[in-house]
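See below for the structure under consideration.
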Amino acid sequence: MGDFDYETLLDRARKNIPDNISTRSRWRLPEPQILIEGSNTIFRNFNDVVSMMDRDENHVYQYILNDLGTSGSRDGPRARFKGRIPPKRIKKTIANYVNSYIKCTQCKSPDTAFVREDRTTLLKCQACGATRPVKL
C-alpha cells in the first residue's frame, strides 16, 4: 500500500467512475405516451416508464388509479383508465409518485429503495444514506 500516494489513488479512482454516475441528469423517465380513445385514456408506454422507476408496477398502477380517482385495467405494456383524463394530469400524478416514493428529499438522488424496519417502511437513499418513512 505504501507505493501509492494520495493524489495517484485519487486520480485512479476518478478515472474509474463511469460517466453516467458522475453526470447529474442521468435519470430521466421516458415521456408518457397518452392517448384518449372514446371514453378511455390509454397510457401506452406504462411498462417502459415504470421499469425506469425500478418500483413494483402494481404499486405505481394503484397509486395512479387512486390519485386520478378512476378505475382501469392493464393490458400488456399499457395501462387503460376509465374516463377522458388530460395527459397533463397523468404527468402530474407520475411526478407526485416520483417525489413521494423515489427521490431522496435530502440529495434529490433517484437511487433509493424501500426498506422494512419493524412495522415501518422506509425510503433509503443509496447515495447519501438518508431515510424517511413512507406509506405504501
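Here, each number is a calculation from the coordinates, and none is a lab measurement. Computed from a predicted model, the values in this text were never measured in an experiment. Every residue, glycine as well, gets a Cβ built from its backbone with ideal geometry; the counts of neighbours run over all protein chains shown.
Counting only the Cα atoms, the chain fills a convex hull of 145 Å³ per residue. Excluding residues on the same chain fewer than 8 positions from Lys92, give the aspartates and glutamates whose Cα lies under 15 Å from its Cα. Partners found: Glu31, Asp67. Ordering Val115, Asn40, Ser71 by the projection of their Cα atoms onto the charge dipole of segment 26-121, which places +1 on the Cβ of Lys and Arg and -1 on the Cβ of Asp and Glu, puts Asn40 at the extreme positive end. Taking θ as phi - 60° and the Karplus parameters 6.51, -1.76 and 1.60, the scalar couplings of segment 124-132 work out to 10, 7, 6, 7, 10, x, 5, 10, 8 Hz in sequence order, x denoting glycine and proline. Packing-based ranking of 82-88, 96-102 yields 96-102, 82-88, ordered from highest to lowest mean Cβ neighbour count within 10 Å.
Calculated from the alpha-carbon coordinates, segment 30-102 shows an Rg and a Dmax of 10.9, 33 Å respectively.
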